[in-house]
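Okay, so here's the structure we're looking at.
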Amino acid sequence: MANKVQIAYLVSDGLFLLMGIFILAFSVIVNNIKDEQPTNGRQAARDLLYRDFPLSAGIVNAVFIFITFAATLPGLATSSRRWIKAAGYMAVVCLIFTTALGLDIWIKTLRLRAEFAPRFSAQTDAVKSLMQIEFQCCGYFNSSSPAFVTDAVCPSKAAAAVMRGCAAPISAFANVFLDNIFTALFGIVGFDAIFIMATACLLKDRKERERFQHIDDKAGFGRI
C-alpha cells in the first residue's frame, strides 16, 4: 500500500505531466494561429508577438517532460530508486529549460518598444490600420515614423499629427500580455520544483525502508 510520501509523489508527478501537456498545447495552438489574418488590432499585435515566441523550444521542452514522466513509471511500479533518481535529474533539466523560456519572454518585454517597430512597419496597411483603430493612434513612434495609414482614426495629416503614436499603447498591451505568459511559465517552474522535492523525499523514504529491511533481514525477521 502506498504511503503518504508516495502519494505525494504521485500527485506531483501528475501535475508535472499536466504542465507538459499545457506547454505542448500552448505551443502547438499558438504555432497554428500566429499567421492567421487578424480581424482586429489586438489580434494583430498579439500575433506579431507570438511570431517571436520560442515555440519550437517549447515543444521540445514538453516532449522532454513526457520522457521524464515516462521514466518515473518503472520506478513507481517497483521499489527501485534508480528510475526515480534518473527522473529527478531529468526534472532538473526540465526546470532549467522552462526557466530559460520564461526568461527569454521576460527579456523581450525589456526591449519591446524598440524591437516591435520594424515588425509594425513591415505589416500591410490593412493590418496597421487595424492596430491604429484598436489603440487609437497614428504611426508607431509618431504619425510620421513610420508614416500613418489613412483610416477613420487618422483621416488626414493634420488629424494624425495630434494623435499619439502606437508605440505606447501597443507596448502597454504587449507588456501585460507577455507578463501573463512568463508568469505562467514561472508558475510551471514552481510545479517542477515541487516535483523535484517530492522526488528527493521519495528517494529518502525508499532508502530508509531499504536500510530497515536490510536490518530486519540480518535479524532474521524477513520482509516487513
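The values are calculated or read from the model by the stated rules, or taken from the named source; none is laboratory data. All values reported here derive from a predicted model rather than from experimental measurement. Cβ coordinates were reconstructed from backbone atoms using ideal geometry, including for glycine residues, and neighbour counts include every protein chain displayed.
Comparison of Ile7, Ile67 shows that the only residue that is modelled with pLDDT of 95 or more and over 30 Å from Ala117 (Cβ atoms) is Ile67.
Candidates Phe97, Phe66: the one that is surrounded by fewer than 19 Cβ atoms within 10 Å (Cβ to Cβ), touching a helix residue (DSSP H, G or I) at 6+ places or on another chain (Cβ under 9 Å) and aromatic (Phe, Trp, Tyr) is Phe66. In the stretch 1-112, counting only helices (runs of 4 or more DSSP H) that sit wholly within it, the ones holding 3 or more residues that are within 13 Å of the chain's Cα centre (by Cα) span 4-33, 55-77, 82-110.
Selection within the stretch 113-141: residues that are hydroxyl-bearing (Ser, Thr, Tyr) and not in a loop (DSSP other than H, G, I, E, B). The member of this set that is farthest from the chain's Cα centre (by Cα) is Ser129.
From the list Val149, Val63, Val93, Val127, the one residue that fits, being in contact (Cβ under 8 Å) with a residue 24 or more places away in the chain and in contact with a Lys or Arg (Cβ under 7 Å, 6 or more places away or on another chain), is Val149. Scanning the stretch 145-197 for residues that are surrounded by fewer than 16 Cβ atoms within 10 Å (Cβ to Cβ) and assigned to a loop (DSSP other than H, G, I, E, B) returns Ala152, Pro155, Ser156, Val162, Arg164.
Do we have any residue at all in the stretch 149-166 that's under 12 Å from Ala45 (Cα atoms) and of a type outside the set (Lys, Arg)? Yes - at least one qualifying residue is present in the stretch 149-166. Taking (1) free of Cβ contacts under 8 Å to residues at least 24 places away in the same chain; (2) among the polar types (S, T, N, Q); (3) under 14 Å from Phe195 (Cβ atoms) in turn, Thr72 satisfies each apart from (1).
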